[in-house]
Amino acid sequence: CSSCPKSSARNRCQDCFGPNLWCDACCVSAHTNLPFHRIQTWNGCFFEKSDLLTKHLTLDLRHYPDDCPSILVDDETQMMFDLDISDDGDDFTDANQPSEPSTSTCTSGSRSNLVIVSSTGICRRSIRWCHCAKSPAQYTQLLLHANLFPASFKNPQTAFTFEVLDHFRVDALECKTAAMNFMSKIRRITDKAFPSRVPDRYRELLRVSREWRDLHNRIRAGVVHDRPDTPTDGGLALFCPACPQMDINIPPKTEWKPEDRLLYRPQLVVDGNMKLVHLIMKRPSDDVSLSDGELFMVRRTPYADHLASAPERQPKSRCNNHRAQNNGNLHRKHLDLTGKGACACARHGAFVPHCVVDFQKGERQINMDYAICQALKQYSGHDQALIIYDICCQWSIHFRERVAQSEFLELWDSLKITGAVGKWHLAAHILECFARFTLNFIEGAAQVEGEILETLWSGLDEVAGLAQAMSTAHHQEILDEYMNDSNWQKIIRIADSLCSKWTRAKQGLSETKPAFEQLTECLEPSLVQEWTAQEQVAMEKRGDHLKVYEVTSDK
């Protein structure tokens, strides 16, 4: 034995470091703080899976780490090596496990058996509970203090380790792993030959992962459980740290310099996604939301009221026919949601909190109006905004009128909105749209291409199939999680990204400025003065004045 002089060392651990061999007592003692490791026992021919820890290890859950009045030291030693499990009939013998007793897990004496789901597999362990606090809620607290998350709070029969929940969350975000696939992996880790004999905790994982995800978001946002205030709209979401936000990263408007006017102007990209559909629920009354409107999806009730009150009108396009976009998934009767619409910052590609809306009949103006108004609330106090939208030439015509006629759309009168179309989508518009809506002729737009939402959608398209059959609330929470993680990836990489862009911008300026100055010197000064005056008028008044950029030729 690696720990004592005894020679009957026949146990080894698959998860411990080093080639250690233990006797039964030393193996149990060595795994007091590693209770979910996988033990193998030598049977004379080979090492086989052992239930040594299941039979001889008791997990003490106590309020006081060193001394607990309700758990005696002598009694603890006896139970460590002479444990009579009261639930032997519920061993892992079949995929269809017998029903658990309906009585409370913690009422039969001071011990009970719990199914534990960990990253090393699914096992059953004996639990001894502390009874210092005479409250049913104490057992949930004891499990949480031991880094075990109960599958239910009323009568826990299963618990998940914090580690395995973190693993599932990262697997889902990085590998797009579904809960069923992850649970299948854990069952195969437990028993490679007969995974069907391992208890299936797929449904429990679905429920617990939603709770774990919600708690993770609230902890990161600084929400405290014993305070009466609740998060504001989008209060749990991460947002772009470099976008101009008053009282966060830019000074008040009274301290702005004239050259800061365009630097601090918000730039938003707006777009729809027809792959993020959702199937009609069989029992919508059972749907429960944990974070309605607290991340990126808008609150459902106000949005539904807006849709019910808004007039059903979709004006005929004066540009090319965008029917494929406007009527996407329109005739699919098995869908209750035919897509999603969202806004993101055009400079850095971060989703804007509380502005993602559902489509019911394709991409309509009443959907996108709500998304844009909610997104602009994140920039209260600004008097300018740049909106880049694929069909901005049609959306912008009566936008102010639609806002004024709706009691659910808000927009301050002093806000000046400049509309544009992304550079890639602009090629599908008529010729008259080019000068009016190209980003090349918008002062302060810099080298923004206006298509960054297309790259963000590509990541969400990978989980569209996983989320379409979930409940509506779970569907929205999954999308919120992936959008929040997308913003988190932007945050941790933004320093390197901005430095790289700054280097390229300086290099580009050094290459183009001499060529521009050389071209200017070759022209007549009067002509340059005339063009400069026309450009100034076009930038200030826009509209028909932008026709000076249209290329014309005499026949």
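Some observations on this one:
- Matching residues in region 258-293 - criterion: being farther than 25 Å from ARG347 by Cβ, among the charged types (D, E, K, R) and in contact (Cβ under 8 Å) with a residue 40 or more places away in the chain: LYS275, ASP286, ASP287, ASP292
- Residue match in region 357-379 (condition: open to solvent by 10 Å² or more (accessible area, probe 1.4 Å), in contact with a Ser or Thr (Cβ under 9 Å, 6 or more places away or on another chain) and farther than 26 Å from GLU481 by Cα): no
- Residue list for region 520-532, filter: in a helix (DSSP H, G or I) and open to solvent by less than 100 Å² (accessible area, probe 1.4 Å): THR520, SER526, LEU527, VAL528, GLU530, THR532
- Condition check for ASP51: modelled with pLDDT of 50 or more, open to solvent by 80 Å² or more (accessible area, probe 1.4 Å), of a type outside the set (Phe, Trp, Tyr) and within 25 Å of ASN147 (Cα to Cα): no
- Of the listed requirements (1) touching a residue at least 24 places away in the same chain (Cβ under 8 Å); (2) of a type in the set (Val, Ile, Thr); (3) open to solvent by 80 Å² or more (accessible area, probe 1.4 Å), VAL298 misses just one: (3).
- Test: residue in region 205-226 that is touching a residue at least 40 places away in the same chain (Cβ under 8 Å) and assigned to a loop (DSSP other than H, G, I, E, B): no
Listed here are the residues, each with its yes/no results for (1) assigned to a helix (DSSP H, G or I); (2) farther than 30 Å from LEU335 by Cα; (3) touching a Pro at 6+ places or on another chain (Cβ under 6 Å); (4) in contact (Cβ under 8 Å) with a residue 40 or more places away in the chain.
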{"residue": "TRP457", "(1), (2), (3), (4)": "yes, no, no, yes"}
{"residue": "SER497", "(1), (2), (3), (4)": "yes, yes, no, yes"}
{"residue": "SER500", "(1), (2), (3), (4)": "yes, yes, no, no"}
{"residue": "LYS506", "(1), (2), (3), (4)": "yes, yes, no, no"}
{"residue": "PRO514", "(1), (2), (3), (4)": "yes, yes, no, no"}
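- Here is the figure for region 533-555: residues that are surrounded by 10 or more Cβ atoms within 10 Å (Cβ to Cβ) and of a type in the set (Val, Ile, Thr) total 2.
- When each of VAL269, VAL277, VAL288 is tested for being within 25 Å of LYS416 (Cα to Cα) and either open to solvent by 70 Å² or more (accessible area, probe 1.4 Å) or modelled with pLDDT of 90 or more (or both), the lone residue that passes is VAL269.
- Scanning region 248-261 for residues being part of a helix (DSSP H, G or I) and open to solvent by 30 Å² or more (accessible area, probe 1.4 Å) gives a total of 4.
- Some residue of region 384-391 being of a type outside the set (Gly, Ala, Ser), in a loop (DSSP other than H, G, I, E, B) and free of Cβ contacts under 8 Å to residues at least 40 places away in the same chain: no
- Within region 167-196, residues that are without any contact (Cβ under 8 Å) to a residue 60 or more places away in the chain and part of a loop (DSSP other than H, G, I, E, B) have Cβ atoms under 9 Å from residues that are open to solvent by less than 30 Å² (accessible area, probe 1.4 Å) and not basic (Lys, Arg) in these pairs: THR177/PHE168, counting only partners at least 6 apart in sequence or on another chain.
- Which listed residue is over 18 Å from ASP200 (Cβ atoms), open to solvent by less than 30 Å² (accessible area, probe 1.4 Å), modelled with pLDDT under 90 and not in a strand (DSSP E or B), from THR140, THR103, THR107: THR140
Here's the yes/no breakdown for (1) at pLDDT below 95; (2) of a type in the set (A, V, I, L, M, F, W, C); (3) touching a helix residue (DSSP H, G or I) at 6+ places or on another chain (Cβ under 9 Å):
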site	(1), (2), (3)
PHE160	no, yes, yes
VAL164	no, yes, yes
PRO195	yes, no, yes
VAL208	no, yes, yes
ILE248	yes, yes, no
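- Here is the figure for region 247-273: residues that are over 24 Å from ALA371 (Cα atoms) and of a type in the set (Asp, Glu) total 3.
- Checked against (1) open to solvent by 100 Å² or more (accessible area, probe 1.4 Å); (2) in contact (Cβ under 8 Å) with a residue 40 or more places away in the chain; (3) aliphatic (A, V, I, L, M), LEU466 passes all but a single condition, namely (1).
- Residue count for region 218-241, restricted to those that are on the phi < 0 side of the Ramachandran plot and either within 20 Å of the chain's Cα centre (by Cα) or hydroxyl-bearing (Ser, Thr, Tyr) (or both): 16
- Residues in region 294-322 that are of a type in the set (A, V, I, L, M) and within 24 Å of CYS345 (Cβ to Cβ) were compared, and the one that is nearest to the chain's Cα centre (by Cα) is LEU295.
- Qualifying residue in region 161-183 (condition: open to solvent by less than 30 Å² (accessible area, probe 1.4 Å) and in contact with a Pro (Cβ under 9 Å, 6 or more places away or on another chain)): no
Per-residue answers, yes or no, for (1) at pLDDT 90 or above; (2) within 30 Å of ASP287 (Cα to Cα):
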residue	(1), (2)
ARG436	no, no
ASP461	yes, yes
MET470	yes, yes
ARG493	yes, no
SER510	yes, no
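- Within region 145-158, the residues that satisfy the criterion of being open to solvent by 50 Å² or more (accessible area, probe 1.4 Å) and either at pLDDT 90 or above or over 18 Å from THR58 (Cβ atoms) (or both) are ASN147, PHE153, LYS154.
- Lone qualifier among GLU401, GLU410 - being over 28 Å from ALA446 (Cα atoms) and in a loop (DSSP other than H, G, I, E, B): GLU410
- Where ALA310 falls short, out of the listed (1) open to solvent by less than 30 Å² (accessible area, probe 1.4 Å); (2) at pLDDT below 90; (3) within 28 Å of SER497 (Cα to Cα): (3)
- Of all residue pairs spaced 6 or more apart or on separate chains, none has beta-carbon atoms under 7 Å together with a first member in region 236-247 that is open to solvent by 30 Å² or more (accessible area, probe 1.4 Å) and a second member that is at pLDDT 90 or above and acidic (Asp, Glu).
- The single residue among ILE452, ILE430, ILE442, ILE387 that is open to solvent by 20 Å² or more (accessible area, probe 1.4 Å) and within 17 Å of GLY543 (Cβ to Cβ) turns out to be ILE430.
The values are calculated or read from the model by the stated rules, or taken from the named source; none is laboratory data. This one's a predicted model, so the numbers in the text were calculated from it and none came from an experiment. As a convention, Cβ positions derive from the backbone with ideal geometry for all residues, glycine included, and neighbour counts pool all protein chains shown. We work out accessible area using only protein heavy atoms, side chains counted, and drop any ligands, DNA or RNA first. Shrake-Rupley method; radii C 1.70, N 1.55, O 1.52, S 1.80 Å.
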